[in-house]
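Since every read-out is calculated from the coordinates, none of them should be taken as a lab result. Owing to the predicted nature of the structure, the values given are computational and were not obtained by experimental measurement. For neighbour counting, all protein chains shown are included, and Cβ atoms are generated from backbone atoms with ideal geometry for every residue, glycine included.
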Amino acid sequence: MKTSMFQVVPLPTEVADRARRAAKAGVVDHAVVIADSPTGYPCRHCLRFAKPGERLILFPYASIPSGHPYSETGPIFVHAEPCQRYRATREYPGDFRSGRVFRAYNTGYDMIDAQVANGSEPEAIVEKLLQNPETAFVDARSVTRGCYTFRIQRA
Ligand SMILES: [Zn+2]
């Protein structure tokens, strides 16, 4: 297998666990939902689509922290039950080979580039964005709904 120049950064386990505790406590912006489609509910912790019937927590996550022009908080899912954080971080997650847009940010959290994987290999797009020395990280998002999916850094 080709060694990638990038590293996938799934949602930290403490963020997923905090969301699970908040949902249990009935915090109003943490909703429990049941997946009703095989490709509609991506868990940001294990980086898999939830299977129909699985429970997830839907909650707002600040992928780009506040205090910047490109600050962004948006809805994400995590499995309601504990799941294994994505471990094959040198490999692009197989469930998200299509339907993602890749946004490149600099160290100041400014968005400096963006590319859609239109039938191309997502690895090639990510590596091209990371070849720009200004790129600090790349965020993968849903191309349709715009939701944050995962982050990619240089390995
Ligand atoms: Zn999960």
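Which number in (1) farther than 18 Å from P12 by Cα; (2) exposed (fewer than 14 other Cβ atoms within 10 Å of the Cβ) marks the one condition that R87 misses?
In the conditions (1) farther than 18 Å from P12 by Cα; (2) exposed (fewer than 14 other Cβ atoms within 10 Å of the Cβ), R87 misses (1) alone.
Select, from P75, P60, the only residue that is exposed (fewer than 13 other Cβ atoms within 10 Å of the Cβ) and not polar (S, T, N, Q).
From the options P75, P60, the qualifying one is P60.
Any residue at all in region 18-27 that's in contact (Cβ under 8 Å) with a residue 12 or more places away in the chain and within 30 Å of T107 (Cα to Cα)?
yes
From the list G119, G146, exactly one residue is of a type outside the set (V, I, T), at positive phi, touching a strand residue (DSSP E or B) at 6+ places or on another chain (Cβ under 8 Å) and in a loop (DSSP other than H, G, I, E, B). Which is it?
Details: G119 fails: touching a strand residue (DSSP E or B) at 6+ places or on another chain (Cβ under 8 Å).
Sole residue among the options that is of a type outside the set (V, I, T), at positive phi, touching a strand residue (DSSP E or B) at 6+ places or on another chain (Cβ under 8 Å) and in a loop (DSSP other than H, G, I, E, B): G146.
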